[in-house]
Every structure is written in C-alpha cells, then in structure tokens.
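I have placed the structure first, in the form of structure tokens, so that the comments after it can refer back to it.
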Amino acid sequence: MTSSTDRSAGLMHWLDERLGLQEAWKFAQKKQVPIHKHSVWYYMGGIALMLMVIQFASGVLLMVYYVPGLQAAHASILRINSQVDFGWFFRSLHSWGANLLIAVLMVHLFSAYFMKAYRKPREFTWYTGLVLMILALAFGFTGYLLPWDDVSFFATKIGLDIASKMPLVGEQVAVLLRGGHNIGQATISRFFVIHVAVLPLLTLGLMGLHLLFVQMHGMSEPVYFKKLEAAKRTYEKFFPNFLLKDVLVWLLAFNGLAALVTFMPWGLGPEADPFAPAPVGIKPEWYFLAPFQFLKIIPAQIGPVEGELFGALLMVLFCCGLVIVPFFDKGDSPARAKTATYYGVVLVLAIIVFTIWGALS
Ligand code: HEM
C-alpha cells in the first residue's frame, strides 16, 4: 500500500520529469538581494509589477461594459460609473492605478539609473525597461481618449497635432492613429485596439523578458557596496525572504491606491463635442505636462525651423542620453560616471520643474 507521502513524491517526480521543476527551483533560489542603505529602491519594480496586474485585471472588467463608439463611449462610461455594480470602483481603480503606475515607473527608472544598474551585464534589462516606460506612456495616451469627454478629446487632439510635426513620418503616423485628418470614430476604434490588444501583448512579452533578465543577473550592487570587504557585504535570499517583504509593500501600496479610489473617485467631464471650441487652459495628464510646457515656451519659429518641431527634436535628442548611457558609462571611467550622474540630475530636475510650471500656468 502506498502512503500519501509516497504519492505526493511520485506526483512531484512525474511533474519534474515533464516541467523541469527542480531546475526552475534552483534558478529561483539563485537570486540574492544585497542589504544596504539604498535597498528600498529594490521594491519599486515589484510595486510596478503589482500595479500592472491590477491594470490588466481592472481593464478586462471595464472592457465588459465599455463600448468604443462615437455615440456610445461616453454613455457607457456613465453607465459603468452609476449603474454597474462596483463599476465606479473598478473604473477609478484603473484610472488612479495608471497614474500611480507611471509615477512608480519613473521612480524605478531613475533609481535604477542612479544606482548605475544599466551597466554590464544589465544593458538588456535597462533597454527592455526603457521600452516598457514608453509602452506605459502609450497606455496612458490611448486610454485617455476612450471616455470621450471634452478634456480627453482636446488633449488627444493637441498630442496628435504635436506628433504630426515630427520630421519624415510624423504626419503619416498621426493620420494612421487618427484614421484620417480628424478625431472621430476611426480614432476611438484605433486607440481602443491599441490600448486593449497591441500594448498589452507587447507589454506582457517585454515584462517577461525584463523579469527573466533580472532573475538571470540578480540585483545590481551600488558602487560603494561592491568595494566593501566580503565580510561586510550582507545579502538576503529573494525566495522567500525578500518576496515576503515585497508582498507586504504591495499590500501597503494597494491600500494607498484603494484609499484614493474610494475617497477621490475618478471623475468624468461632459461628452466631447468636436465642433465646440477647446476649453480654456486645456492641459494633458501630469506625465505629459513637462514636454507640453517646454513646447509652450519655445518661440513659434526658430530660424528656418518651426518652433514645435525644434523643441520636440531637442527633447528627443536630450532623452537619447538614457539610450546611450550603458555604453557611455561602463564603470571604467570615474569622469564618465560623474557626467552620467549629472545628466540624470539635470533630466530629473527638468522633468520636475517643467511639470510644476505646466501645472501652475
Ligand atoms: C512594467 C514596467 C516594469 C516592471 C513591471 C519592472 C519590474 C522590475 C522588477 C520586479 C525588478 C527587480 C526589482 C527592482 O529592482 O525593483 C526590476 C529591475 C530592474 N528594472 Fe524594471 N520594471 C519595469 C520597468 C522598468 C523601467 C521603465 C526601467 C528603466 C528604464 C527598468 C529598469 C530596470 C533595471 C535596470 C533593473 C535592475 C535593477 C538592479 O539590478 O538593481 N524597469 N524591474
């Protein structure tokens, strides 16, 4: 007669032969998390992951009732807000969650940057991260139009007008996204498909790669920590020690999010009227305020070049620093390391200053 222990050992053996469980367990056990005064930043990626899961889950629920139609979009959101059980909660969760996710991603990006986690062997972790940041902003941009209220309509119009100014492909991309020269049904359909199908698929694939790279290379160590003698460098296991702390942080972050969702439910403006004049002081979401404000202060014409085009190119060029940094600052030149740090500080300050300036003006 076989005991239950034998049976479960047998089952594990059967599964292991087919799924390589032991190998996976060894791979999971490999990761250790360094303990030092900057360890707090190691929680940011995990919070982003938790928020991403919330975005996927709440987004799927919203899709059940949202209708991507010119006449129906706004009404369907009104219905979600006022008639569907817990509809207001999940809509508010999705909208607040998106904002929090982008804020956390910015912190994650810059904390990884200042810890110099882009250096060898983490270049691909860095690049998959950069693309994930762009995808998160694209989620924000495409999702903003879907409720079809006046602010979302005009903010999208301004965004696409700016995109159309980009050299070579700008106009074609804007026409493709709009589905013509005006924002209408074709635009809602395209934004909807991009928001619920294209971006999620790309994000899932890239997130898988990003997390695989993190697991392969382990957590990066700050420069000063690496220089400590071996006895002074302490680590903890990722499974289960750090993961349990991660879960605690997720619970705290989720409580903060739930408080925002409940006490400050996300609003909905009046239905968009494409023929009405733009409401005064129209502004994009906070995460697009910095580029928006920068373009506003650029003169209409700079020499032979249109001001907006000049400003947009300048910003793209400036942000290219994030792309070249893994090859510029490889860790073998203190002067380059310093330059990279200064560049990061200037970029962060510029984003903060222009965002606050945009919000106040
Ligand atoms: C959906 C978006 C993202 C998710 C879910 C995510 C998730 C994670 C997780 C769980 C970690 C390990 C823990 C940690 O270091 O915080 C990590 C590490 C890392 N992430 Fe992300 N991340 C995302 C976006 C980004 C972005 C935008 C960047 C920057 C361009 C980035 C760059 C990195 C780097 C360089 C590491 C390694 C950090 C180290 O070894 O110290 N990630 N990410």
Checklist entry - Among the residues of the range 328-361, how many are open to solvent by 40 Å² or more (accessible area, probe 1.4 Å), over 18 Å from Met106 (Cα atoms) and either free of Cβ contacts under 8 Å to residues at least 24 places away in the same chain or among the basic types (Lys, Arg) (or both)? => result 9
Checklist entry - Among the listed residues Ala174, Ala155, which satisfies the condition of being at pLDDT below 95 and either open to solvent by less than 30 Å² (accessible area, probe 1.4 Å) or within 16 Å of the ligand (Cβ to nearest atom) (or both)? => result Ala155
Checklist entry - Quick one: what pairs do we get from the range 235-249, first residue open to solvent by less than 50 Å² (accessible area, probe 1.4 Å), second part of a helix (DSSP H, G or I), C-beta under 7 Å, 6+ apart or different chains? => result Glu236/Phe242; Asp246/Tyr43; Asp246/Gly46; Val249/Tyr43; Val249/Gly46; Val249/Ile47
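Part of a helix (DSSP H, G or I) and within 23 Å of Leu252 (Cα to Cα): is that true of Gly97 in this structure?
Values: part of a helix (DSSP H, G or I): yes; within 23 Å of Leu252 (Cα to Cα): yes.
Here the answer is yes, as Gly97 does meet what is asked.
Matching residues to (1) open to solvent by 20 Å² or more (accessible area, probe 1.4 Å); (2) closer than 30 Å to Gly267 by Cβ:
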{"site": "Gly87", "(1), (2)": "no, yes"}
{"site": "Ile102", "(1), (2)": "no, yes"}
{"site": "Leu105", "(1), (2)": "yes, yes"}
{"site": "Thr128", "(1), (2)": "no, no"}
{"site": "Phe139", "(1), (2)": "yes, yes"}
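The values are calculated or read from the model by the stated rules, or taken from the named source; none is laboratory data. Everything quoted here is computed from the prediction, not taken from an experiment. For neighbour counting, all protein chains shown are included, and Cβ atoms are generated from backbone atoms with ideal geometry for every residue, glycine included. For accessibility, only protein heavy atoms count, side chains too; no ligands or nucleic acids. Shrake-Rupley method; radii C 1.70, N 1.55, O 1.52, S 1.80 Å.
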